[in-house]
Amino acid sequence: MRWLLLLLIPFFIWQKVYKPEEVKQDGITLKQAAPFPLGASVAVKLLLGDSLYRQTVEREFSSLTSENALKMNRVHPAPDRYDWSGGDSIINFAHQTGKRMHGHTLVWHRSIPKWVESFQGDSLAWENLLKSHIQTVVKHYKGKVRSWDVVNEAIDNDGSLRKTIWSDHLGSDYVARCYQYAHEADPNALLFYNDFGQENNPLKATAIKAMLVDLKQRGIPIHGVGLQSHITIYHSNSKYRAGLKEMTSLGLLVHISELDIRLNRKKTKEFIPSIGMLEQQEEKYKDIVEIYKDVVPVKQRYGITIWNVGDKDSYVSDNCKCSDAPLPFDTNYKKKLAYKGLIEGLRE
Ligand code: G3I
């Protein structure tokens with residue numbers, strides 16, 4: 001009898017937790033429900049190799065961000081070699097399916113190729129390296145990529161300029177020059193500053209705002225700000241609202257650029273979300289969309305981008321060496337309650 005119960009309990013949990021995909025939405029998709037662009041970041045391997053992934057992306061989203069394909073280590077793997085294959089795959093798909101393309105990211109302190117880490121040269125040589133990287137990539141995709149995360153995560157958690165390979169070699173005003181270089185290469189592209197933690201750390205939000213106000217006042221071509229928004233179901237709505245308001249007050253376009261909502265607070269290896277957690281996730285996705293609609297005026301809404309599509313595609317598990325389920329689709333691209341929350345929040 002006991003063994004029968006032991007067999008039945010996991011089955012019951014599976015039914016309860018993974019089967020609420022009978023989440024049916026009278027046929028409406030995310031992009032149809034959204035009054036602004038609704039995006040996903042996409043991985044090249046999945047886009048090319050998994051037809052269900054590709055179909056889900058095509059059906060649900062109106063904007064795409066390259067998750068990794070346009071990072072410096074991927075697109076510029078050797079000093080005199082650019083690899084356009086990944087970026088081209090995503091951008092061609094975006095064009096064939098009528099989606100907006102957002103390029104991520106030209107300048108970051110992570111995902112830097114080895115040759116840059118070991119580069120030797122004076123400040124002029126470093127300046128040329130970065131300028132030529134930015135301009136080669138932006139020119140290659142001129143007219144095809146609508147917007148770029150030019151600089152990513154330049155501000156540290158204490159509000160200071162993050163000490164990175166770029167600030168070390170190029171000085172504290174390198175951020176401004178990155179925007180000028182990108183603008184020269186494609187004057188029609190919209191240029192964003194992207195960072196995380198504005199919704200959680202007022203000190204950092206204030207510092208980001210001060211940097212962007214300064215850039216604007218100096219006439220540096222910057223058009224938008226991205227709040228990554230890697231949050232949990234426990235995140236306070238009022239804190240999120242306050243961070244979003246702070247960024248919106250700049251008058252720039254506002255992009256929730258990397259949204260995902262984690263469940264596994266303790267980062268345990270084995271983790272089965274309870275139905276209650278999945279309901280909280282549904283509520284949190286809905287809350288974030290509603291806060292965005294409430295705080296960001298229509299003309300400043302660049303949209304909301306989810307950081308990949310299905311739970312198995314998310315960077316979260318790799319990152320925390322744990323298991324989680326932060327996205328609106330499950331591992332088989334079935335709609336979760338989180339999807340329902342998004343639709344409810346998006347609908348006017
Ligand atoms: O594709 C290779 C695979 O061939 C290789 O076997 C494997 C071995 O480690 O690595 C695979 O590449 C990994 C790649 O993700 C694809 O899974 C890289 O090691 C890994 O570093 C990379 O992580 C990405 C991370 O940025 C660093 O670039 C994540 O996918 C990506 O989601 C994450 O995204 C960042 C945003 O750019 C900026 N904001 C934070 C966000 C989360 O960290």
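Below is a table of values for the structure above.
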{"quantity": "Residues (more than 16 Å from the ligand (Cβ to nearest atom) and in contact with a Ser or Thr (Cβ under 9 Å, 6 or more places away or on another chain)) located in segment 299-319", "calculated": "Q300, Y302, G303"}
{"quantity": "Every pair of residues 6+ apart whose Cβ atoms lie under 9 Å, when the first sits in segment 176-202 and is hydroxyl-bearing (S, T, Y) while the second is assigned to a loop (DSSP other than H, G, I, E, B)", "calculated": "Y179/I220; Y179/P221; Y179/I222; Y193/A154; Y193/I222; Y193/L252"}
{"quantity": "Check on S118, away from the ligand (no atom under 16 Å from the Cβ), over 18 Å from the mean Cα position of the chain (by Cα) and surrounded by fewer than 13 Cβ atoms within 10 Å (Cβ to Cβ)", "calculated": "yes"}
{"quantity": "Residues of segment 97-115 satisfying the condition of being outside any helix (DSSP H, G or I) and more than 13 Å from the ligand (Cβ to nearest atom)", "calculated": "T97, G98, K99, R100, M101"}
{"quantity": "Single residue of D88, D83 found to be among the charged types (D, E, K, R), surrounded by fewer than 19 Cβ atoms within 10 Å (Cβ to Cβ) and within 14 Å of the ligand (Cβ to nearest atom)", "calculated": "D83"}
{"quantity": "Qualifying residue in segment 235-257 (condition: closer than 21 Å to S317 by Cβ and not in a helix (DSSP H, G or I))", "calculated": "yes"}
{"quantity": "Extreme residue, farthest from the ligand (Cβ to nearest atom), among residues of segment 71-80 that are part of a loop (DSSP other than H, G, I, E, B) and touching a Ser or Thr at 6+ places or on another chain (Cβ under 9 Å)", "calculated": "H76"}
{"quantity": "Tally of residues being within 19 Å of the chain's Cα centre (by Cα) and without any contact (Cβ under 8 Å) to a residue 60 or more places away in the chain across segment 63-83", "calculated": "7"}
{"quantity": "Unique match (being at positive phi and without any contact (Cβ under 8 Å) to a residue 60 or more places away in the chain) among G86, G49, G98", "calculated": "G98"}
{"quantity": "Count of segment 134-162 residues which are part of a helix (DSSP H, G or I) and more than 16 Å from the ligand (Cβ to nearest atom)", "calculated": "6"}
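Let's see how each residue does on (1) within 16 Å of the ligand (Cβ to nearest atom); (2) within 15 Å of the chain's Cα centre (by Cα); (3) under 19 Å from A33 (Cβ atoms); (4) surrounded by 22 or more Cβ atoms within 10 Å (Cβ to Cβ):
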{"position": "E258", "(1), (2), (3), (4)": "yes, yes, no, yes"}
{"position": "I261", "(1), (2), (3), (4)": "yes, yes, yes, yes"}
{"position": "I272", "(1), (2), (3), (4)": "no, no, no, no"}
{"position": "E283", "(1), (2), (3), (4)": "no, no, yes, no"}
{"position": "P297", "(1), (2), (3), (4)": "no, no, no, no"}
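Residue-wise test of (1) touching a strand residue (DSSP E or B) at 6+ places or on another chain (Cβ under 7 Å); (2) among the small types (G, A, S).
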position	(1), (2)
D260	yes, no
V295	no, no
S317	no, yes
R347	no, no
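Values quoted throughout were computed directly from the atomic coordinates according to the rules given, and no laboratory measurement underlies them. From a predicted model like this one, the values you see are computed outputs, not experimental measurements. Counting neighbours? That spans all protein chains shown, and the Cβs are built from the backbone with ideal geometry, glycine included.
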